[in-house]
Amino acid sequence: MIEKGRISNIQAAMLAITSLTIIGHLILLTVVIEQSRQDAWLAAIGGAILGLIGIMALVKLSQHFPGLTLIEILFQHFAWPGKIIGVLYLVYFFLMASLGVRLFAEAYKLILDETPMWALVTIILLLTVYIVYLGLETMGRLNQIMLIVLVVVAVSVVFLTMGENKDYTNLLPIMGDGMLPVTIGSLSVMAWFGEFVIMGMILPYVQNPQKLGKTGIGVASVTLIFFSARLLVLLLYLGLNRQPQWHSRRLQKSGISKRGRLLTGLMRLPLFFGRLGS
C-alpha cells in the first residue's frame with residue numbers, strides 16, 4: 001500500500017462499515033440467530049456496545065502514537081511482549097485474509113456453480129493485489145461509490161417489502177430463555193466488531209486523527225443499524241423455523257458455515273490480545 005496516500009475520516013469510516021457489514025451479513029446473521037433466537041436483536045445491541053469499547057481503545061492507542069500503524073506501535077513501544085503480540089496479529093491478519101478469500105469464493109460459487117474454485121480465488125486475489133497497488137486513496141474513493149450503491153439497493157429492497165405480511169410475534173417472548181442466550185450472542189457480535197482492529201493498519205493515514213473518536217462511534221452506530229435491520233427482516237418475515245433452515249442449508253452446501261464459525265472464533269483474538277497490550 002502506498003504510504004503517502006491520505007483518506008478522510010468519512011472514507012475510513014466507510015471502509016470499516018463495508019468490511020464489518022459484508023462479513024456480518026455473510027456469516028454472523030445465522031450464528032447470532034442460532035445462539036440468541038428471537039432475542040438476536042438484543043444481542044446485536046449488547047455486542048455493539050461492548051465492541052465499541054474495543055474500537056475506542058484502538059482509536060486512543062492510534063492517537064497516542066500518531067503516524068504509526070498498530071504493528072509499529074507494538075514493536076516499538078511495548079518491548080518483547082509487544083513483539084510477540086505483533087507477530088500474533090500478523091498471523092491473525094494472514095488467517096483472516098485467507099479465510100475471507102475462501103468464504104467469498106464459496107459465496108460466488110453458489111451463483112457461478114460451474115466455475116472452478118481456483119478461478120474464483122485467482123480473480124479475487126488479482127483484484128486485491130491491483131487495488132492495493134493503486135493505493136489507499138483509490139481504495140477509499142472506490143469504496144465510497146460501492147457502499148452508497150449497496151445502501152441504495154438495500155433501502156430499496158426494504159421499501160419494496162414493507163407491504164408484505166410481517167409477524168411481530170416472532171420477536172416474542174423477549175428474553176424468554178433468560179440472559180444466557182443473549183449474552184452468548186452478544187459475545188459473538190463483540191468478536192465481530194473485533195475485526196475493526198484491522199483498521200489499525202490504516203488509521204495513521206487518516207487526515208484528521210483528532211476526530212477518530214467520533215469516527216469510531218459512527219462506524220459502530222451505522223454498522224449496528226445495518227446488522228439489526230437485516231436481523232429484524234429475517235425474523236419478522238421468515239421466523240425462527242424457516243430462516244435458519246433456508247440460510248444454513250445454502251451455507252452448509254458451500255462449506256461457508258463451517259469456515260464461518262472458525263472465522264468468528266478468530267475474530268475474538270484481537271479482543272484478547274488487545275487487553276494484553278493495554
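The values are calculated or read from the model by the stated rules, or taken from the named source; none is laboratory data. The structure displayed is predicted, hence computed values, not measured ones. Virtual Cβ from ideal backbone geometry, glycine too; neighbours counted across all protein chains shown.
Remark: residue 252 matches the filter, which requires a residue to be modelled with pLDDT under 50, part of a helix (DSSP H, G or I) and more than 14 Å from the chain's Cα centre (by Cα). Within the set 135, 176, 140, 200, the sole residue that is surrounded by 14 or more Cβ atoms within 10 Å (Cβ to Cβ) and more than 21 Å from the chain's Cα centre (by Cα) turns out to be 135. Look at the range 78-97: where a residue is assigned to a helix (DSSP H, G or I) and a partner is small (Gly, Ala, Ser) and surrounded by 14 or more Cβ atoms within 10 Å (Cβ to Cβ), sitting 6+ places away or on another chain with Cβ atoms under 9 Å, you get 81/277; 82/277; 85/274; 85/277; 89/200.
Conditions tested, residue by residue: (1) at pLDDT 70 or above; (2) buried (at least 21 other Cβ atoms within 10 Å of the Cβ).
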| position | (1), (2) |
| --- | --- |
| 192 | yes, yes |
| 204 | yes, no |
| 207 | yes, no |
| 232 | yes, no |
| 266 | no, no |
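The set of residues from the range 105-147 being charged (D, E, K, R) and either without any contact (Cβ under 8 Å) to a residue 24 or more places away in the chain or in contact with a His (Cβ under 9 Å, 6 or more places away or on another chain) (or both) comprises 113, 114.
Could you tell me whether any residue of the range 48-63 is surrounded by fewer than 20 Cβ atoms within 10 Å (Cβ to Cβ), in contact with a helix residue (DSSP H, G or I) (Cβ under 6 Å, 6 or more places away or on another chain) and over 16 Å from residue 194 (Cβ atoms)? Yes, the range 48-63 contains at least one residue that is surrounded by fewer than 20 Cβ atoms within 10 Å (Cβ to Cβ), in contact with a helix residue (DSSP H, G or I) (Cβ under 6 Å, 6 or more places away or on another chain) and over 16 Å from residue 194 (Cβ atoms). Taking each residue of the range 47-71 that is under 24 Å from residue 91 (Cα atoms) and looking for partners that are crowded, with 18+ Cβ neighbours inside 10 Å and aromatic (Phe, Trp, Tyr) with beta-carbon atoms closer than 6 Å, six or more apart or interchain, yields 51/193; 55/196.
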